Amino acid sequence: MPTDPLPTYRFAPSPNGYLHLGHALSAILNHDLAASNNGRFLVRIDDIDQTRARPAFEDAIFEDLDWLGLQWAPDIRRQSEHTDDYRAALARLDALGLVRRSVATRREIAEAAAAAEKAGTPWRRDPDGAWIAPPDEAFLTTDAIATRIATDAPATLRLKTRKAIAHLAIDLAFVEEDAGPAGETGLIEADPTLWGDVVLARSDAAASYHLSVVVDDAAQGITHVVRGRDLFYATAIHRLLQALLDLPAPRYRHHRLITDETGRKLSKSSQDTSLRELRDQGATPADIRRKIGIG
């Protein structure tokens, strides 16, 4: 008789800056939930973007986690070491006829969207507020598209989302153990169409976050994904990719976000106060837990 898989949680930071209080909340929640459920806590290094990843930042991640008193399994997965896994997943989707080559740049999409809105024609945005790339890219001339394809110009590989949903012909849902932005909890219907044709890979990256995260979670046997509420709506795309690639679906818990006094989510790009700065100022691990509301 099959047994339930060992509860497995993960913390997957990018080594492109120093960890801050928001990272501490996610790492500690994953660690403590794994401990309370007699499970495993894994650390994964999200270094698929090698243009921004730095060894010094990776070293700092482990220094901060150790200082917080967290213990993790020794098998560290680095995305940069598994690009063949992502290419294999992409090839499976392509074999199903679900991948398209997009030659329009983000700037061109933004300019076309702005022009359409100025002319009174609404242009869809995804849940993150980014302009959605239309499937036909008709804002480019036929000659421009043909020339870029013929010259093998840099392109973005996108999922044909609506075709992918039709290919499955099943209802997609996920289990939310906390609450979404509007208080959603329990079994949640997943609507990938909110994202349009999402990016799967770019000329300079073997996989997007969406593709790499579902491949990584399956490869590591992740049973519980605990991450920030800002990724709640992205779960719809992840469920679609999991179903297309025959990957298991973890349970999800999207925790509250740590924000500054203006309500903005903390981020590395904004150079918000890092854990190492707080440590240098005399903060203790117990102080960090109090600051993020974990006793």
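The values are calculated or read from the model by the stated rules, or taken from the named source; none is laboratory data. On a predicted model such as this, the values are computed, not experimentally measured, just so you know. When we count neighbours, we look across all protein chains shown, and the Cβ atoms used for this are built from the backbone with ideal geometry, even at glycine.
Some notes on this structure:
- The set of residues in segment 260-295 that are modelled with pLDDT under 85 and under 30 Å from G186 (Cα atoms) comprises D260, G263, R264, K265, L266, S267, G295.
- When the test is whether a residue is loosely packed, with under 15 Cβ neighbours inside 10 Å and not polar (S, T, N, Q), D178 does not pass it.
- Index of the failed condition, D178 passing every other in (1) at pLDDT 95 or above; (2) under 15 Å from P250 (Cα atoms): (1)
- The number of residues in segment 256-282 being crowded, with 18+ Cβ neighbours inside 10 Å, out of contact with any Gly (no Cβ under 6 Å at 6 or more places or on another chain) and not in a helix (DSSP H, G or I) comes to 2.
- Annotation note: Cβ proximity below 9 Å between a residue of segment 181-200 that is under 24 Å from A155 (Cβ atoms) and a residue that is exposed (fewer than 12 other Cβ atoms within 10 Å of the Cβ) (sequence gap 6+ or interchain) occurs for W195/D128.
- Residue match in segment 151-158 (condition: without any contact (Cβ under 8 Å) to a residue 24 or more places away in the chain and not basic (K, R)): yes
- Residue match in segment 100-114 (condition: basic (K, R) and modelled with pLDDT of 95 or more): no
- When the residues of segment 131-166 are filtered to those that are of a type in the set (K, R) and within 20 Å of R107 (Cβ to Cβ), the one that is surrounded by the fewest Cβ atoms within 10 Å (Cβ to Cβ) is R148.
- Those helices (runs of 4 or more DSSP H) of segment 37-137 in which at least 1 residues are farther than 30 Å from L244 by Cα and in the same structural domain as E277 (by TED's automatic domain parsing), considering only elements entirely within it, cover 55-67.
- Residue in segment 231-247 that is outside any loop (DSSP other than H, G, I, E, B), surrounded by fewer than 20 Cβ atoms within 10 Å (Cβ to Cβ) and charged (D, E, K, R) present: no
- When Q79 is tested against the conditions (1) closer than 21 Å to T8 by Cα; (2) of a type outside the set (D, E, K, R); (3) surrounded by fewer than 17 Cβ atoms within 10 Å (Cβ to Cβ), the lone failure is (3).
- All of D49, D59, D4, D84 fail the test of being more than 23 Å from H255 (Cα to Cα), within 21 Å of the chain's Cα centre (by Cα) and without any contact (Cβ under 8 Å) to a residue 24 or more places away in the chain, apart from D84.
- Segment 271-291 residues that are under 11 Å from Y18 (Cβ atoms), paired with ones that are among the acidic types (D, E) and surrounded by 15 or more Cβ atoms within 10 Å (Cβ to Cβ) (beta carbon under 7 Å, 6 or more apart): L275/D64; R276/D64
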